[in-house]
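A quick write-up on the structure given underneath.
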Amino acid sequence: MLALDLVQTLAVAGVVLFIGYGIKRRVPLLSRYNIPAPVVGGLLVAAILSVAHQRGLTPVTFDATLQTPLQNAFFASVGFGASLALLRIGGPLVLMFFVASTLAAIGQNVLGLGVATLLGQPPLLGVLAGSVTLTGGPATGLAFAPLFEEAGIASAATLAVASAMVGIVSGGLIGGPLGTWLIAHHRLPTPRDRAQTGNARAAQNIVEEQIAEPVAAAPAGEDRESYLLLKTLTVLLIAVWIGGVVSAWLKPMLARVGLALPAYIGAMLVAAAIRNFDDWRGWIGLSQRAIDDLGNVALSLFLVMALMTLRLWEIVNLAVPLAIIVAAQIAFIAVLCLGPIFRLMGRDYQGAVTASGFAGFMLGTTANAMANMEALVERYGPAPRAFLVVPMVGAFFIDFANALIITAFVSWFK
């Protein structure tokens, strides 16, 4: 048996990640449904190791020491995007969409609890196949898995990935058709109908354009991009460091009232505080683009490391109940898109595009949401309001609310 240390494990994770990218390039269906490359590569390794396990072999073991720091770094990058100034720019529409998404996440967990109970399964299995993995995606599912395992859900990490993967595929499958049906059924006027072609691609960058990039130059003799990257990395590490202290401080206090939070919450809170302080004073000069780039790197490596160690053979007996719960969740989100969300967002063409994005990130990821909306605007014309509202809520604000929702459900039903 080959035992890899933390550096070797990280190196293997990098190789597996690029194998995932290579497979995605050669299998267009994976790109069509926005299956992340880390998931493709990581699950391939997990499948190979599962086959080896069935034959009584354990060819390699990994050192997962860096998995939690990478997880916390990614969620800190999400925290840096939670700018109150950005929320104000979005106005009441963003706030309404955020509240609706939060209520939908609660509804996912209530539905999951009910279906799991009817199937004779632990209620928390329904929560795991609810907002944890659908609204939250694979990263949130893996981050919360230890809390679910402590609450009695065996193999929670593997179940979380299975639920998240079905959600990602479903979010990509139903979002576009739902939006198209709304446009056709309600005979909604579109920019193409009004001969307003516009620039659909430009509409997709609205959120990034609202978070100003720093303009300060680097010190004399220093390359600006390198300096900016180094500063961003330092601030990100500080957020993770102080966030760990905050989480450690909160843990015993919350335990006394029966609450538990995942390790990344402290990093998210500290990052959000730093972001809003910098928005107010401008002393640091944070680059959201650089933060997002570093966060995506951390997320990719975290997901690969987590997925490589999944024990896929442990969830065979729960495959059918999990599938039934997720099917109910898909139907629930579809109904919300066709009714309340469409009406809330204006009952017009842009409301239909927003509804398609809602299906994407409430079942899968923000990438699903953007892909769904891109497909519609390429056919019918630009929808700038949708491209402002959906990424703000789906990529930033809903993660904060979802963490609190999940924590409350785990605490009540464990």
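The values are calculated or read from the model by the stated rules, or taken from the named source; none is laboratory data. Quick caveat, the model's predicted, so the values are computed rather than measured. Here Cβ is always computed from backbone atoms with ideal geometry, including for glycine, and neighbour counts include all displayed protein chains.
When we screen THR102, THR65 for residues that are outside any helix (DSSP H, G or I) and either in contact with a helix residue (DSSP H, G or I) (Cβ under 7 Å, 6 or more places away or on another chain) or modelled with pLDDT under 85 (or both), the only hit is THR65. Scanning region 130-147 for residues that are free of Cβ contacts under 8 Å to residues at least 60 places away in the same chain and in a loop (DSSP other than H, G, I, E, B) turns up just one, THR133. For THR158, the conditions (1) at pLDDT 90 or above; (2) assigned to a helix (DSSP H, G or I); (3) over 15 Å from the mean Cα position of the chain (by Cα); (4) not basic (Lys, Arg) all hold with the exception of (1).
Here the condition is being aliphatic (A, V, I, L, M), surrounded by 19 or more Cβ atoms within 10 Å (Cβ to Cβ), touching a residue at least 60 places away in the same chain (Cβ under 8 Å) and within 24 Å of ALA145 (Cα to Cα); of ALA47, ALA37, ALA64, it holds for ALA37 alone.
Pairs are defined by a Cβ separation below 8 Å, a sequence spacing of at least 6 or placement on different chains, a first member in region 106-122 that is closer than 19 Å to ALA401 by Cα, and a second member that is among the hydroxyl-bearing types (Ser, Thr, Tyr); the pairs so defined are ILE106/SER131; GLN108/SER131; GLN108/THR135; ASN109/SER131. When restricted to residues that are in a helix (DSSP H, G or I), modelled with pLDDT under 80 and under 30 Å from GLY141 (Cβ atoms), region 173-213 contains 4. From the list PHE387, PHE361, PHE332, the one residue that fits, being in a helix (DSSP H, G or I) and within 30 Å of PRO69 (Cα to Cα), is PHE361. For region 306-343, the candidate set comprises residues that are modelled with pLDDT of 90 or more and of a type in the set (Phe, Trp, Tyr); within that set, the residue that is surrounded by the most Cβ atoms within 10 Å (Cβ to Cβ) is PHE342. All told, LEU303 meets the bar of being buried (at least 18 other Cβ atoms within 10 Å of the Cβ), within 21 Å of the chain's Cα centre (by Cα) and either part of a helix (DSSP H, G or I) or touching a residue at least 60 places away in the same chain (Cβ under 8 Å) (or both). Of everything in region 391-407, what is over 13 Å from the mean Cα position of the chain (by Cα) and either touching a residue at least 40 places away in the same chain (Cβ under 8 Å) or not in a helix (DSSP H, G or I) (or both)? Give them in sequence order. Of everything in region 391-407, those that are over 13 Å from the mean Cα position of the chain (by Cα) and either touching a residue at least 40 places away in the same chain (Cβ under 8 Å) or not in a helix (DSSP H, G or I) (or both) turn out to be ILE405, ILE406, THR407.
Per the listing PHE75, PHE80, the residue uniquely in contact (Cβ under 8 Å) with a residue 12 or more places away in the chain, surrounded by 15 or more Cβ atoms within 10 Å (Cβ to Cβ), touching an Asp or Glu at 6+ places or on another chain (Cβ under 9 Å) and within 19 Å of VAL304 (Cβ to Cβ) is PHE75. For region 252-296, a residue qualifies if it is β-branched (Val, Ile, Thr), at pLDDT below 85 and either surrounded by fewer than 18 Cβ atoms within 10 Å (Cβ to Cβ) or touching a strand residue (DSSP E or B) at 6+ places or on another chain (Cβ under 6 Å) (or both), and exactly one does: VAL257.
Report, by residue number, each residue of region 5-37 that is aliphatic (A, V, I, L, M), touching a Leu at 6+ places or on another chain (Cβ under 9 Å) and modelled with pLDDT under 90. ILE35, ALA37, listed by residue number. Within region 50-61, the set of residues being surrounded by fewer than 16 Cβ atoms within 10 Å (Cβ to Cβ) and aliphatic (A, V, I, L, M) comprises VAL51, ALA52, LEU57.
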